[in-house]
1. How many angstrom lie between the Cα centre of region 56-89 and the Cα centre of region 40-54?
2. Could you work out how far apart the two model spin labels at residue 45 and residue 83 are, taking each label as a point 7 Å from the Cα in the direction of the beta carbon, and quote it in nm?
3. Roughly what angle does helix 3-88 make with the longest principal axis of the chain, taking Cα atoms, 0 to 90 degrees, to the nearest 10?
4. Which of 7, 55, 39 sits closest to the plus end of the dipole of the chain, meaning its Cα is farthest towards the positive end, when Lys and Arg get +1 and Asp and Glu get -1 on the C-beta?
5. I'm checking a number: the convex hull volume of the Cα atoms of the chain, normalised per residue, in Å³. What is it?
6. Need one number: nm distance between label points at residue 58 and residue 22, each 7 Å from Cα along Cα→Cβ, rounded to one decimal.
7. Please build a GNM for the chain, connecting alpha carbons under 10 Å apart, and tell me which residue among 24, 54, 13 fluctuates the most.
8. For region 47-89, evaluate the Debye formula with one uniform point scatterer on each Cα (no solvent term) and list log10 I(q)/I(0) at q = 0.15, 0.16 Å⁻¹, rounded to two decimals.
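Only the coordinates and a few stated rules stand behind these numbers; no lab work does. Please read these numbers as outputs of a predicted model, since none were measured by experiment. Every residue, glycine among them, receives a Cβ derived from its backbone with ideal geometry; neighbour counts consider all protein chains shown.
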Amino acid sequence: MSGREWQEAFGVAGAFILLTVVIAVTIWQLAASRRARFALHREQAYRSLAESAAVAQENADRRLTEIDKRLDEVRTRLGGIERVLKDVE
């Protein structure tokens, strides 16, 4: 092989390696951006879930407060009924 043929062989091999590296890096970057996009969607879903859980917790707290008030009323009435029953005995 002459010097020129070696240069052409090295040139072809270099171009092939360069093309392979460019394709690999492009695929790697596309995959990384896709993973980032999926992570963003997952974070938004978690945020939505957390917000709905917070609203549900607030509703539960409100209902427990109402139940506590009603229970206090029932205790007061029951105390009155017990006094009346003791007086009747």
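1. Region 56-89 and region 40-54 have Cα centres spaced 38 Å from each other.
2. So the label points at residue 45 and residue 83 sit 5.9 nm apart.
3. The angle comes out at about 0 degrees.
4. The residue sitting farthest along the positive end of the dipole is 7.
5. That works out to 77 Å³ per residue.
6. 5.5 nm
7. 13
8. -0.54, -0.57
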